[in-house]
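Enquirer: Please find one structure pasted underneath; my questions will follow.
Here, each number is a calculation from the coordinates, and none is a lab measurement. All values reported here derive from a predicted model rather than from experimental measurement. Because the Cβ atoms are built from the backbone with ideal geometry, glycine has one as well, and the counts that use them run over all protein chains shown.
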Amino acid sequence: MKKKKELEELCRKNGSAFFYASNFSVGVNLFFHLNKLLAKIMNPFSEYEVSMEEIHHKQKLDAPSGTAITLAEGIIDATPKINSWVNQPTKEKSLLGITSKRLDAVPGTHTVYYNSSVDTIEITHTAHSREGFAKGAVVAAEWLVGKKGVFGMDDMLKINY
């Protein structure tokens, strides 16, 4: 989000509240944390190459999605040998390849793969509808009532590690 820092500063200056999330689904946010944990666990095992795939409906204009970018950032933060992502498959060890697919009538699926010559480890989040995103936004709005400051899903879900 290009103007996030400006909005945060304005919020602090005015004593109001600001809640930001790249995705408001509670399930997706739990998946973000599982992704970070798995990336930390996998980091010492150089025989595994990490990649991602994200699938959305054809009307989705951005690729990769904000959710895919947040997942990629979690992997990059935990994996010193990877310094950036690209929106295509890659064999370059310093890049995380993201494959973006746009299909008919699918709310969203994100999969992270760790591939080696002997096995594959994968984690996937699949949205069955848009209901989870709406519920998460309502829960966040209710949680924000009466608060001042800058918050995100980690604050609401009380995930600290």
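Enquirer: What is the ratio of the Cα radius of gyration of the chain to 2.2 N^0.38 Å, where N is its residue count, to two decimals?
Expert: So the Cα radius of gyration is 1.12 times the expected 2.2 N^0.38 Å.
Enquirer: Would you compute, from DSSP H runs of 4+ residues alone, the mean residue ellipticity of the chain at 222 nm, taking -39500 (n - 2.57) per run and dividing by the full residue count, rounded to the nearest 500?
Expert: Calculated from helices alone, the mean residue ellipticity at 222 nm is -11500 deg cm²/dmol.
Enquirer: Now for a separate question. Report for the range 81-127 the percent antiparallel among DSSP-assigned beta bridges with both residues inside it, nearest 5.
Expert: The antiparallel fraction comes to roughly 75 percent.
Enquirer: What are the trypsin sites (Lys or Arg not before Pro) within the range 100-161 that DSSP puts in a loop, where the Cβ has at most 16 other Cβ atoms within 10 Å?
Expert: Answer by residue number: ARG130, LYS147, LYS148, LYS158.
Enquirer: Now for a different question. Each residue of the range 51-67 in order: what ³J(HN,Hα) in whole Hz does its phi give by Karplus 6.51 cos²θ - 1.76 cosθ + 1.60, θ = phi - 60°, with x for Gly and Pro?
Expert: Per-residue couplings from phi come out as 8, 9, 9, 10, 10, 9, 5, 5, 7, 5, 8, 7, 8, x, 6, x, 5 Hz.
Enquirer: Further, regarding this structure: Only bridges whose two residues both fall in the range 26-151 count here: according to DSSP, what percent of them are antiparallel, nearest 5?
Expert: Beta bridges within the range 26-151, antiparallel portion: roughly 60 percent.
Enquirer: Treat every Asp and Glu Cβ in the chain as -1 and every Lys and Arg Cβ as +1, leave all other atoms uncharged, and give the resulting dipole magnitude about the Cα centre to the nearest 20 debye.
Expert: Here the chain has a charge dipole of around 580 debye.
Enquirer: Still on this structure, please answer the following. For SER116, what charge total do you get from the other residues with a beta carbon under 9 Å from its beta carbon, if Lys and Arg give +1 and Asp and Glu give -1?
Expert: So the environment of SER116 carries a net charge of -3.
Enquirer: If you filter the range 1-58 for chymotrypsin sites (Phe, Trp or Tyr not before Pro), then keep DSSP loop positions with at most 16 other Cβ within 10 Å, what is left?
Expert: PHE45
Enquirer: What number comes out for the charge environment of SER100, summing +1 per Lys or Arg and -1 per Asp or Glu over other residues with Cβ under 13 Å away?
Expert: +1
Enquirer: Could I ask something else about it? Evaluate the charge dipole of the range 57-150 about its Cα centre and quote only its size in Debye, nearest 20, assuming +1 on the Cβ of each Lys and Arg and -1 on the Cβ of each Asp and Glu.
Expert: For this selection, approximately 220 debye.
Enquirer: Roughly how tilted is helix 26-42, in degrees to the nearest 10 and between 0 and 90, from the longest Cα axis of the chain?
Expert: Relative to the chain, helix 26-42 is tipped by roughly 40 degrees.
Enquirer: Still on this structure, I have one more. Within the range 1-53, report the GluC sites (Glu not before Pro) that DSSP leaves as loop and that have at most 11 other Cβ atoms within 10 Å.
Expert: GLU47
Enquirer: Rounded to the nearest Å, what's the spacing between the alpha carbon centres of the range 1-36 and the range 100-120? Just the number, please.
Expert: If we compute the Cα centre of each part, the gap is 25 Å.
Enquirer: Tell me, in nm to one decimal, what length is gained between LEU103 and LYS4 on full extension, where the rule is 0.36 nm per residue of separation less the Cα-Cα distance?
Expert: Full-extension gain reported as 32.6 nm.
Enquirer: To the nearest 0.05, what FRET efficiency results for ASP119 and LYS91 with a Förster distance of 22 Å applied to their C-beta separation?
Expert: E(calc), rounded to 0.05, equals 0.70.
Enquirer: Report the local net charge at VAL150: Lys and Arg +1, Asp and Glu -1, summed over other residues whose C-beta lies under 14 Å from its C-beta.
Expert: Spelling it out: positives minus negatives among the neighbours equals +2.
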